[in-house]
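These notes are about the structure you will find just below.
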Amino acid sequence: MATPFIDLTSQYLRNKKNFDSAVLRVLAHGQYIQGPEVRELESKLADYIGVKHALAVSSGTDALVLPLMTKNLSASDAIFTTPFTFFASAESISLAGATPVFVDIDPLTYNIDPVDLKAKIESTLAGGKLAPRGIIPVDLFGLAADYKVINDIATKYDLFVLEDAAQSFGAKYHDNKAGGLASVAATSFYPAKPLGCYGDGGAVFTNDTNLFDELVSLRVHGQATSGDKYDNIRIGMNARMDTIQAAVLLEKLKLYDNELQERSRVAASYTAKLKGALITPTIPSNQNSVWAQYSVQSPQRDLIRKKLGDQGIPTAIFYPIPIHLSTAYKHLGYNHGDFPVSEATAQQIFSLPMHPYLAEKEIQQICKLVVSVIDDASGSSA
Ligand SMILES: *Cc1c(COP(=O)(O)O)cnc(C)c1O
């Protein structure tokens, strides 16, 4: 019995007729670019998150870059984010011409630490080389960062906040949903994300109508959104979502709430069986996670992964190299030890299989193996 890390095939087979006919409808009507499904998806996504506007785009990375392009950034502008995230969170800052300034994470939630955020804004101001402009908090593994505190800090220092909701689409944070927790947000529909399409895709969310109009223009080469569309009024990109991906997402969105319940079931079962044996996820009160990953920490990580791998159970490490230590950012001059929480977490963290179709029997088998490695290790060291 092979347990997939993320089971996209089960999801497809269970709903095959709906997915097939959604895609075939697009093939038949022929509007492969900016077809009617794109508009319909945008309206449904905005309703789901509870914001005025959603813009469907080509990827989560482009969903981060487009709002940054509206900020007229230069290399002397500092944008704060964490080094313990997928590379695109920082890369988007560089693509938009600004400089990433890293902030350590909270050891329990793995999200940006508001205390260190304040410290890094202050030290950037004191350094006099970079001007603080914005913050990109990441909602890691499906759990929103602490936006009440972050938005207050942003107001105090006059910074914009761009929510990286690539892993957290729809996660609950007090009375709101991830994707709607900052003035602008980006999500990804990469197949392995909680809401994924059958290729690349992403979306930007905002309540700001002026910003939205600018994003609509940037998505298609900076074209004028009223008047002569052959007049390009700014430098933009090709960042459109294909109609086929929108059609797939309309079908997946119908399944999403139910799938989130199933993800919660899997997470709760893992936590009940693993609590005490290793460090299980912490979910703050008034929040829930959409469980993009179920990540745990153990000093016996490598042994556990080997034992699971031998039994055909895949695991993954998100993220083995904190971004400040990546080759691409050598020029920023960071060193080992600069972000102790991110670096320590990277040494011990790993993720277990997580998808809505994981059976209780499989969870039991996985947890039994994990616990046996930890028992053996503590037995031999005692
Ligand atoms: C996946 C991801 C992205 C990028 O999304 P793509 O659709 O792959 O471009 C950005 N940020 C985070 C945190 C992600 O997990």
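Comparing Leu253, Leu332, Leu55 in a Gaussian network model of the chain, where Cα atoms under 10 Å apart are tied by springs, the biggest mean-square fluctuation is seen for Leu332. Between the C-alpha center of segment 76-106 and that of segment 130-179 there is a gap of 13 Å.
Centroid-to-centroid, using Cα positions, segment 332-382 and segment 1-68 are 32 Å apart. Packing, as the average of other Cβ atoms within 10 Å across residues, places the peptides 114-124, 240-250, 306-316 in the order 240-250, 114-124, 306-316, highest first.
Here the peptides 161-169, 98-106 are ranked by packing, the mean other Cβ count within 10 Å, and the order with the highest first is 161-169, 98-106. With 24 Å as the limit on Cα-Cα distance, the pairs of Lys120/Lys156; Lys16/Lys273; Lys172/Lys193; Lys52/Lys148 that go past it are Lys16/Lys273.
Beta bridges per DSSP, both residues in the chain: antiparallel share near 60 percent.
Among residues other than Val266 with Cβ under 10 Å from its Cβ, the summed charge is -1 (Lys and Arg +1, Asp and Glu -1). Looking at segment 204-317, the pairs of alpha carbons with a distance over 18 Å make up 71% of the total. Could you give the DSSP H helices of the chain that reach 18 angstrom or more along their long axis (alpha carbon positions) and whose average Kyte-Doolittle hydropathy is no lower than -1.0? Span-like helices in the chain: 16-29, 36-49, 114-127, 243-274, 360-381. Summing +1 for each Lys or Arg and -1 for each Asp or Glu among the other residues whose beta-carbon sits under 13 angstrom from that of Ile93 gives -1.
Listed by chain and number, the lysines whose C-alpha is less than 21 Å from the C-alpha of Lys275, apart from same-chain residues fewer than 8 away, are Lys306, Lys307, Lys361, Lys368.
Neighbours of Ala75, meaning other residues whose beta-carbon lies under 12 angstrom from its beta-carbon, give a summed charge of +1 when Lys and Arg score +1 and Asp and Glu score -1.
None of the figures in this text is laboratory data; all of them are computed from the coordinates on show. Since the structure is predicted, the reported quantities are computational estimates derived from the model, not experimental observations. Neighbour counts are summed over all protein chains in view; Cβ atoms, including those assigned to glycine, are modelled from backbone coordinates with ideal geometry.
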